[in-house]
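Note sheet for the following structure.
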Amino acid sequence: MKGRGFISSVITGLVPVIPFRHAQPCAPKRDGRDIGERSDAVLRTAMPGHDKWSDTSRRAHFLIAATVAIVAVAGVGSAAWVHALGPPPLGRDLDTSHVVQDRDGRLLRAYAAGPGVWRLQAAVEDVDPRFLSLLIGYEDKRFYDHLGVDPLAMGRAAFQLVSQARIVSGASTLSMQVARLLEPRRERSLGTKLRQIARALALEFHLSKAEILSLYLTLAPYGGNLEGVRAASLAYFGKEPRRLSLGEAALLVALPQSPEARRPDRSADRARRARDRVLDRAVAHGLIPADEIARAKAEAVPSARRPMPLLAPHAADQVIAAAPSRRLHTLTIEAPLQAALEDLARDRAQALGPDLSVAIIAVDNATGEVRARIASADYFDVRRAGQVDMTAALRSPGSALKPFIYGLGFEDGLIHPETLIDDRPVRYGSYRPENFDQTFQGTVTVRKALQLSLNVPAIAVLGKVGVDRLGARLTQAGAALVLPKGEAPGLAMGLGGVGITLSDLTMLYAGLARLGAAVPLIEREGGTSPDPHRLMDRVAAWYIGHALLGAPPPDNAPQGRIAFKTGTSYGYRDAWAVGFDGRMTVGVWVGRPDGTPVPGLLGRTSAAPILFDAFARMGQAPSALPRAPQGAVLATTARLPPPLQRFSAAGRPGEVTEPPRIMFPPDGARLELAGGAAGAPVALKIAGGRAPLTVMVNGLPLPAANGRRTLFFRPDGPGFVRLTVMDARGAADSVTVRLQ
């Protein structure tokens, strides 16, 4: 009755403004009556029964006009109310999680959005089709037919409410649920429901069905701080939603209806019962065969949440910091390889010691794209300084730069892999290079000198190539070399007297694999690859790769699989191993992030085994190196041109030449005179120096050596003798021996 009274009052209020055809207040009057009254009188006289017809017609017109007026007023009022709500939220500015994914769309790392909520954006194409089928069949089976509101569902829900005096089924469509998720409100009232209806209609007007469904997949609650199907699938099953089983899909359909009560990590039984109801309805609607439903019900329900993926954390942090406004970042990294090498680095670091860390970087030779980058052994290990990026830290490379010294020697035509070179004690002013084991191999081929990482031959070639030229070439190729403060480039640079990062060193070795063309490393998908930089001649690069292929591998590792080189820095602070095959280049660093020496830390025993294990974990056999390019000379030492058969440090004016060195007798030696007689001849052996040589005994010159390197002198008798040799450049060497 209240409603009828309200309607009556509205109609009464509308009557004065309704323009009826029979009411003309401005009509002229004659004889005290208006024209209308006179016309009615005429009609009553001429047409019996006209009074009854006139009343009925008048009432009909009145009701129609009133109804139209009510609808118009309701429409205007609804429009005003909707306008007062403001523009509808369309989900285009959602605060979703920052996501870093690999080259194939696999999640590497995500960052919580807002107040610690995992809200990973998901689209229709990101989920299993069976999940969508179950969702629509369970929540809104006429989703693709209605315009945001399902009249049949609303009528059914109203009838059930009236007939059973309780809510039996809901009438919210997926569009209405999205509207509620976009504008969450705690109160449950008729006004709130009307607001959802208005917003659902607006969503349907502005967005496609796929876009509305994608919003639901992103915002649906799944318990705790999980929102969206992707976050829930990763947290409960450890997989992407496109790979769900039938039972997993049904569980994720059931959870948003009561996310806290059905959380499988807190109430697995409730979650199972809710999942089974979804499956039962799927059978009733004929969506899934009964035998598949039975298998799905037999699946176990997860009882705990899994941690979110945390791969390549350093790379993810850096790309987020570089572009914080972007929500999705794609790297060139391959998630499976990244995970395998992270496990390798963590295991090896734990075996090496509690303070050591491991860094690994894997690069695609063809493109320069980074396929894996492990910047520390454990991102959360404070003792190992896990959050320090050791792929970008400046460290001494030890012997790892030697291949580039020989490469420039090959390029200049000074040496060939089969050229003979001396590995003997030598001094460059105050600098005396020694091999790591403090022994000398004598005369070896350049190939052998590189494979065994001999120091003296490398320094001899560097003296001919030039330190400045080596530094300039590596810098032009894209590597940033840093000398110690106050130091000038010197021969020690060839043995690690310079700083370089693991990323740059790996980039240089990838240039060797590309036959001398170095490209900057790329880590962001879609980035343009810059033009390659010339590292060295193609033939020279091939010589190096072919020689390093024969380097002695670590214990229990196969030989001839990869071309590699190790390095150990001064004071056992850094151990390196960098290697390549025809497809990939991998660099490994081992050491303490704070630079503290680690006794016994060697590239060969600490880093090289990790390098070979990294190639083994790539899931495919090493690829062959490129074939010999045109111009490569394949010959033994004897068949080389005479200038290439043996390397000589003496040479062109202005080039560094080995200073003279008295090889025998050694300084401080005691020599027995032949037969104990005074005046017996004593041998004197000389190495290095530029002819002509001057030899003095106790300050007195001996006769000219005439190019000879072995001389004899007759001492005056027992006692101390000082022997001195000086070459044409003024370089000298002296020893003092005791004759007895």
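Please list, in order along region 129-141, the HN-Hα scalar couplings obtained from phi with the Karplus expression 6.51 cos²θ - 1.76 cosθ + 1.60 (θ = phi - 60°), rounded to whole Hz, x for Gly and Pro.
x, 5, 4, 4, 5, 5, 4, 5, x, 8, 9, 6, 6
Select from V465, L454, V426 the residue farthest towards the positive end of the dipole of region 424-481; place +1 on Cβ of Lys and Arg, -1 on Cβ of Asp and Glu, and compute about the Cα centre.
So the residue we want is V465.
Please give me the summed charge of the neighbours of S376: other residues whose Cβ is under 13 Å from its Cβ, Lys and Arg +1, Asp and Glu -1.
Values: positive: R346, R348, R373, R383, R384, R592; negative: D317, E342, D355, D378, D381, D389, D594.
Taking every Cβ under 13 Å from that of S376, the sum is -1.
Along each principal axis of its Cα atoms, how long is region 480-543 end to end? Whole angstroms, biggest number first, please.
Result, largest extent first: 41, 30, 16 Å.
Applying a 10 Å radius around every beta-carbon, put 235-246, 321-332 in order of their mean neighbour count, most first. Spell out each step's value before the answer.
Values: 235-246: 18.0, 321-332: 14.3.
With the highest mean Cβ count within 10 Å placed first, the list reads 235-246, 321-332.
Could you tally the net charge around V633, taking each other residue with its Cβ under 15 Å from the Cβ of V633, Lys/Arg +1 and Asp/Glu -1?
Details: positive: R447, R538, R627, R639; negative: E411, D412, E418, D537.
Local net charge: 0.
Once amide H atoms are built 1.01 Å from N in the peptide plane, which residues 5 or more positions from L244, or in another chain, come under 5 Å H to H?
Excluding prolines and chain starts, which carry no amide H, the hits are D128.
Using R₀ = 22 Å, calculate the FRET efficiency as 1/(1 + (r/R₀)^6) where r is the Cβ-Cβ separation of A268 and S245; round to 0.05.
Working: r = 17 Å, r/R0 = 0.75.
E(calc), rounded to 0.05, equals 0.85.
When a/c reaches 1.5 or more, the comparison of a/b and b/c decides; with that in mind, is region 183-276 rounded, prolate or oblate per its Cα gyration tensor? Intermediate values should be presented prior to the final figure.
Details: a/c = 2.48, a/b = 1.51, b/c = 1.64.
Oblate is the answer for region 183-276, as a/c is 1.5 or above yet b/c matches or exceeds a/b.
How long is the gain from V482 to T596 if the chain were fully straight, where each residue apart is worth 0.36 nm and the alpha carbon distance is subtracted?
Values: separation 114, 0.36 × 114 = 41.04 nm, distance 1.94 nm.
Roughly 39.1 nm would be gained on extension.
Check which residues have an amide H placed less than 5 Å from T173's amide H, if you skip close sequence neighbours.
D150
What does the C-alpha gyration tensor say about the overall shape of region 661-739? Classify as rounded when a/c is under 1.5, otherwise prolate if a/b is larger than b/c, or oblate. Don't skip to the answer; put the middle values down first.
On the way: a/c = 2.09, a/b = 1.79, b/c = 1.17.
Verdict is prolate for region 661-739.
Can you give the local net charge around P593? Use residues other than it whose beta-carbon is closer than 14 angstrom to its beta-carbon, Lys and Arg +1, Asp and Glu -1.
Values: positive: R383, R384, R395, R573, R592; negative: D355, D378, D381, D389, D574, D594.
So the surrounding residues net to -1.
Hey, can you rank 371-378, 448-455, 129-136 by average C-beta count inside 10 Å, highest first? Kindly include the intermediate steps, with their values, before the conclusion.
Numbers: 371-378: 26.8, 448-455: 22.6, 129-136: 19.1.
So the order, starting with the most tightly packed, is 371-378, 448-455, 129-136.
Please give, to one decimal in nm, the separation of the simple spin-label points placed at D347 and A392, each 7 Å out from Cα toward the Cβ.
My value for the distance between the label points is 2.9 nm.
All of the numbers you see were taken from the coordinates with simple rules; none came from a lab. In this text the structure is predicted, and so the values were computed from the model without any measurement. Please note: Cβ atoms are built from the backbone with ideal geometry, for glycine as well, and neighbour counts cover all protein chains shown.
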